[in-house]
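Below is one structure, written out as structure tokens; comments come after it.
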Amino acid sequence: MQKTAGKKGADVKFEQMNTLIGTSKMKQTLIAVVDTGVDSRLTDLNGTVRTDLGANLIGRNKDAIDDNGHGTHVAGIIAAKSDNHYSMAGLNQHTGIIPVKVLDAYGFGDTEHIALGIKHAVDKGAKVINMSLGGYYSRVIEYAMNYAAQKKCTSRRGKWK
């Protein structure tokens with residue numbers, strides 16, 4: 001099987017972005033990952049995941065630990081530490097990840113928990129909410145996303161059917 005790297009020049013220009021930022025002190029932006037949770041013990045995310053602000057909306061405890069892997073993968077794309085000789089580099093290492101668990105170990109959840117997760121993230125100070133979710137259109141989720149927009153929080157979810 002032949003491997004391809006994608007379209008030439010279509011990357012996010014990570015090196016150029018870091019050169020622009022340089023050594024300037026940046027304010028930490030809170031980004032919520034509303035998904036299967038986030039494994040805060042992962043070396044690449046050490047010190048980035050704000051477990052104090054997180055929530056588990058499908059379990060009986062407050063621990064938003066990821067038992068699927070998807071939410072952790074998403075958080076890594078966003079904020080994994082670079083130059084630690086471990087794994088990968090995220091796009092923004094000057095961020096705090098708010099883990100919000102709304103999906104179970106199989107990646108299933110319901111619109112009520114997702115909407116509550118959006119509200120929780122906004123109320124805890126998230127400026128951006130990532131939801132790498134598919135599914136059917138939901139008025140409940142749309143209302144929650146409108147709530148986020150009213151609070152100056154950008155929220156996006158995956159493909160509506």
(request) State all residues of the stretch 59-70 that are at pLDDT 85 or above and either out of contact with any Lys or Arg (no Cβ under 7 Å at 6 or more places or on another chain) or surrounded by fewer than 19 Cβ atoms within 10 Å (Cβ to Cβ) (or both); if no residue qualifies, say none. (result) G59, D63, I65, D66, D67, N68, G69, H70
(request) Go through the stretch 123-143 residue by residue and tally those that are closer than 16 Å to T111 by Cβ, of a type in the set (V, I, T) and in a strand (DSSP E or B). (result) 1
(message) Take D104 and tell me if it is modelled with pLDDT of 95 or more and at negative phi.
(response) yes
(request) Scan the stretch 144-159 for residues that are part of a helix (DSSP H, G or I) and either surrounded by 13 or more Cβ atoms within 10 Å (Cβ to Cβ) or in contact (Cβ under 8 Å) with a residue 12 or more places away in the chain (or both) and report the count. (result) 4
(message) R50 - would you say it is surrounded by fewer than 24 Cβ atoms within 10 Å (Cβ to Cβ) and within 15 Å of the chain's Cα centre (by Cα)?
(response) yes
(message) Can you list residue pairs whose Cβ atoms sit under 6 Å apart, with the first residue in the stretch 103-119 being among the polar types (S, T, N, Q) and the second being surrounded by fewer than 17 Cβ atoms within 10 Å (Cβ to Cβ)? Count only pairs 6 or more apart in sequence or on different chains.
(response) T111/V140
(request) Would you confirm whether any residue within the stretch 110-118 is of a type outside the set (G, A, S) and either farther than 19 Å from A148 by Cβ or at pLDDT below 75 (or both)? (result) no
(message) Being touching a strand residue (DSSP E or B) at 6+ places or on another chain (Cβ under 9 Å) and either surrounded by fewer than 18 Cβ atoms within 10 Å (Cβ to Cβ) or at pLDDT below 90 (or both) is the filter here; which residues of the stretch 27-40 pass it?
(response) Q28, T29
(message) What's the total number of residues in the stretch 111-126 that are surrounded by fewer than 20 Cβ atoms within 10 Å (Cβ to Cβ) and under 15 Å from the mean Cα position of the chain (by Cα)?
(response) 3
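The values are calculated or read from the model by the stated rules, or taken from the named source; none is laboratory data. The model shown is predicted, which means the values in this text are computed figures rather than measured ones. A quick note on method: Cβ atoms are made from the backbone with ideal geometry, for glycine too, and the neighbour counts reach across all protein chains shown.
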